[in-house]
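Worksheet: one structure, shown below.
The values are calculated or read from the model by the stated rules, or taken from the named source; none is laboratory data. Small disclaimer: the values here were computed from a predicted structure and weren't measured. Here the Cβ positions follow ideal geometry from the backbone for every residue, glycine too, while neighbour counts run over all protein chains shown.
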Amino acid sequence: MTVAEFVPIVFGASLAAGFLGSLTGLGGGVIVTPVLTLFLGVDLRYAIGASLVSVIATSSGAAAAYVRDGYSNIRIGMFLEIATTVGALCGAFLGTRVPVSALGIVFGLILLQSAWQATHEHQRGKTAVPPDPLGERLRLNGSYNDNGVQESYAVHRVKAGFGLMFGAGAISGLLGIGSGSLKVIALDQAMGIPFKVSTATSNFMIGVTAAASASVYLSRGYVNPGIVMPVMLGVLAGSMIGAKFLARLPVVLLRRVFAVVVGVIALQMIAAGVRGKL
Amino acid sequence: MTDLKIEQTIAALLRTGVLVAGAVVLAGGVYYLAAHGMETADYRKFGAQSNADRLVQQIVTGAIALRPRSVIQLGVLLLIATPILRVAVSLIGFTLERDRQYVTITAIVLGLLVYSLASGMAGG
């Protein structure tokens, strides 16, 4: 295949992945990597490098909308970014040493988990435990405007959340994804932060986490211009289009349909990893 | 300077960063297609396309010499720099708020990010 043929194909595939990622809330990175490896035969390491770059682009591009809504909590985000950044660096160093087949299997498992999470009704994190005094000391507690009512919230289980964020950062660095769904679990389920605040804060954190590991991957030659160019532009355009359609489409139905598709892709990814075909 | 004000400044910064980086990648991409369109694209095996710049210095030198691949990498570098700049702006914001606790926390995050970019510069 020549460059002039390869670039438009990858751009089209990335556009579709970005669009789906935005509609399903999974993020473009987690979809574009299996598409590149399974359907276009791209080496997983090139796909990871390109996807990581697209993650920074989509998260930074979406930040303005989240800030306008005023849901994100900059203190929670910054404090937990210590954990995600250290995690991302560990993940990226690990990722350059682990065999590709093992990476593929882990990727498939994380993809399955994300698809499952996207389709299941959100359940409020348990707040039976009292607010964490550590949250008070770090001034993480805040308030947000929920349909005209100012709701205040307190943060729970700060240490557990911090530990989970390290894990989310490591997965992000290892697989070159935003791992937004894991970040939301840490914020919402472990720390009992309201869902809207959790999603907005998670988006704010994704770009910083990805920048940490992208630096490592860039220096190791995972970021190749011939592939990163169509992937980054495609995913960015696709997710912008997706965000515009989001309000007009039956999102719940779409999520279920796409979750099945993503689940099948995840199983193929695991199978390819097990058979050593990555 | 309030938290909300910091966040609004940051959001504008992030959007501008993405637009500039995207424009550089696009320009480099068009140029790349024109210059290398007829070459073979083979990404099936890692290392087969090892003609990419990896280090900040290589990228900048290459982009100044207007090598198409280096121009794309420069766009990538600008994109990576955007969230790092975001943390730097937060650091300024917390300093203006005289919030010593969060100045410390933000400085740690910024240090980690600069370390990862700098260790890449050293080729590590």
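Miscellaneous remarks
- Qualifying residue in segment B:12-28 (condition: among the β-branched types (V, I, T), at the interface with chain A (Cβ under 7 Å from one of its Cβ atoms) and within 17 Å of B:S70 (Cβ to Cβ)): yes
- Complete set of residues in segment A:60-86 that are in a loop (DSSP other than H, G, I, E, B), hydroxyl-bearing (S, T, Y) and at the interface with another protein chain (Cβ under 8 Å from one of its Cβ atoms): A:S72
- Conditions (1) of a type in the set (A, V, I, L, M, F, W, C); (2) at pLDDT 90 or above; (3) surrounded by fewer than 19 Cβ atoms within 10 Å (Cβ to Cβ); (4) closer than 20 Å to A:V42 by Cβ; number of the one not met by B:V60: (4)
- Summed over segment A:16-59, the residues that are within 14 Å of chain B (Cβ to nearest Cβ) and either outside any loop (DSSP other than H, G, I, E, B) or surrounded by 24 or more Cβ atoms within 10 Å (Cβ to Cβ) (or both) give a count of 28.
- Taking segment B:33-60 as the range and being more than 7 Å from chain A (Cβ to nearest Cβ) and over 15 Å from B:L77 (Cα atoms) as the test, the residues that pass are B:A34, B:A35, B:D42, B:G47, B:A48, B:N51.
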